[in-house]
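The values are calculated or read from the model by the stated rules, or taken from the named source; none is laboratory data. Predicted model only: the values in this text are computed from it and were never measured. Note that each Cβ is placed from the backbone with ideal geometry, even for glycine, and that neighbours are counted across all protein chains shown.
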Amino acid sequence: MTAKQHLDSPASLPEQQRWSMLSPVAYSESSMPTLRLARSSRLARKIAKTLFGLLVVTIVLMVFAPWQQSVTVTGDVLAFSPDQRQQVIQATIKGRIARWGDQIYENARVKKGQVIAEIRDLDESYAARLDLQLMNSRQAVAAAGQQIEANKRALAATETIVESYQLQVSAFETVKRETIAAQDAYIEMAAKKVQGEQQKLVEYQVALPQLQAEYDRMKTLQSENNISLQKLQEVNRKYKEATSKFKGAEFYYGAAQDELSGKKSERTAKVEKAQA
């Protein structure tokens, strides 16, 4: 027996109990012939499917297509950008309007530099006073410019003088260094001279006692007639020469010391003069 025959044949009671209200068999037209009266036609199903497809396409188009609305209204349009909006121009000074510009009317479009209106002050002499103040200001600016130019020239002259003084100071510094070097050389020479004279003085001072002892010994021998008088006179002459040289060495040593002191004083004076 096929499934259709099985569905069309009367079911036994146990089989009817096994059927569920949710199973497809429960809604079979074979089991319930009255369902045929409520069944929709094929044309209605096609129309419904077509409308459903159109609805889906419409929803997709509404999602991805730009949203636009058209409406007819009456009014003034305000630009979205602030710099493109209509601006109300206010005068920065109080006064009365003496003259309107050409092609100036309410809501008129104007260009840069176009005269909108001529505003005159309530005081007729106000413009003349402003012109006088402007002229005075220009004269003050011109005088200030001349003063600036004079100051620039004075500055240039001062810079020249300063440069000259700097050159003089550099020259004085050079002269000072050369003077100090020369005086140091003179002092060094004087110091060496003092050392040389001191060395001679020491030599003569050491030789005098020996010549004195030699003279005394020769004098004793001559008194005993052991040597001749000429020999004694020769020793006496040497002793006197040594004494004279010793005194000369003392004089030259003192003179050398005086010269050294003079060179030092001269150096100090010339250094102070060079610094001044």
Need the failing condition index for L54 against (1) loosely packed, with under 10 Cβ neighbours inside 10 Å; (2) farther than 26 Å from D121 by Cα; (3) at pLDDT 75 or above, just the number.
(1)
When S137 is evaluated against the numbered criteria (1) of a type in the set (S, T, N, Q); (2) under 30 Å from F246 (Cα atoms); (3) under 48 Å from the mean Cα position of the chain (by Cα), which criterion, by number, is the only one it fails?
(2)
Tell me which residues, restricted to the range 176-227, are exposed (fewer than 12 other Cβ atoms within 10 Å of the Cβ) and among the β-branched types (V, I, T).
V206
Residue in the range 231-276 that is surrounded by the most Cβ atoms within 10 Å (Cβ to Cβ), counting only those that are hydroxyl-bearing (S, T, Y) and more than 24 Å from M189 (Cβ to Cβ):
Y239
